[in-house]
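Novice: After the structure tokens below, expect a handful of questions from me.
Nothing in this text is a laboratory measurement; each read-out follows from the coordinates by a stated rule. It should be emphasised that the depicted structure is a prediction, and the values quoted were computed from it without experimental measurement. Glycine also receives a Cβ, built like all others from the backbone with ideal geometry; neighbour counts cover every protein chain displayed.
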Amino acid sequence: MVAEAEDGGDESFVLDCPELATERLVLRTPDDRDIPELVALADNRHIAEMLARMPHPYGEAEARAFLTLARSRRGGVVFAMSRKEDGAFVGCAGLNATDRGVELGYWVGEPYWRRGYATEAAHALVDLAFMRTTIQVLHASCRVINPASRRVIHKCGFQYAGQGMLNSIVAGQVPVERYRLDRRTWTSLRSWARF
């Protein structure tokens, strides 16, 4: 999953939600206790190549800069994903204001791939975005070579909206698929889930 712009978009997008709980995860504001695991998981070229702003190599200085940005909540909200069972840090997810509107983003550390954590976090953030803000459309994008992220996006109900290019600080200019989910579709999907 890629977040396409650090700045830009609606800077007035503010969402104060210090903690969310899902079936297996706690989504909370990242803090200093996350630095060792954040560095261990984020220092992975396979992950950095799928994202716009994650550098590689990734060390303590990069983790501290990320925490500073996350705490500022400038242009969005970022959550650390931790497992309920043992508190293990598994990745990050967030909602960011971009030039196209609010965009969902996430990444999961490689030891935790294929366990459904990204989907679980994404569902929670999609619900949060539509329940706690007035946005009408939520955006998501992924590299065209990232089928795992595409599956997460589809499971959340997003619809294909086209292709574009992304400037990744690790991979350079790369093609991405863009998706969107409008409030009406989200409402319909939520009502279907109750049956």
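Novice: Filter the trypsin sites (Lys or Arg not before Pro) in the stretch 107-149 to those in DSSP coil with at most 13 other Cβ atoms within 10 Å of their Cβ, and list the result.
Specialist: Sparse-neighbourhood loop trypsin sites (Lys or Arg not before Pro): Arg114, Arg115.
Novice: At a 10 angstrom cut-off on C-beta neighbours, averaged per residue, how do the peptides 53-60, 117-124 rank from highest to lowest?
Specialist: Put in order of decreasing packing, that is 117-124, 53-60.
Novice: Using only alpha carbons, build the gyration tensor for the stretch 19-189 and give me the equivalent ellipsoid semi-axes, biggest first, whole Å.
Specialist: The equivalent ellipsoid of the stretch 19-189 has semi-axes of 23, 19, 15 Å.
Novice: In percent, how large is the relative contact order of the chain, given Cα pairs closer than 8 Å and 6 or more residues apart?
Specialist: That works out to 23 percent.
Novice: Using 0.36 nm per residue, how much length does the chain from Met131 to Arg74 gain when fully extended, once their Cα-Cα distance is taken away?
Specialist: Fully extending the segment from Met131 to Arg74 adds 18.5 nm.
Novice: According to a simple spin-label model (label point 7 Å from Cα along Cα-to-Cβ), what is the distance in nm between Asp16 and Asp86?
Specialist: Distance between label points: 3.6 nm.
Novice: According to the square roots a ≥ b ≥ c of the eigenvalues of the Cα gyration tensor, what is the shape class of the stretch 67-129, taking rounded for a/c under 1.5, prolate for a/b larger than b/c otherwise, and oblate for the remainder?
Specialist: Prolate, since a/c reaches 1.5 and a/b exceeds b/c.
Novice: Another one. So what are the ³J(HN,Hα) numbers for the stretch 97-114, from phi and the Karplus equation (6.51, -1.76, 1.60; θ = phi - 60°), rounded to whole Hz, Gly and Pro as x?
Specialist: Those phi angles translate into 7, 10, 5, 9, x, 7, 10, 7, x, 6, 8, 10, x, 3, x, 10, 5, 6 Hz.
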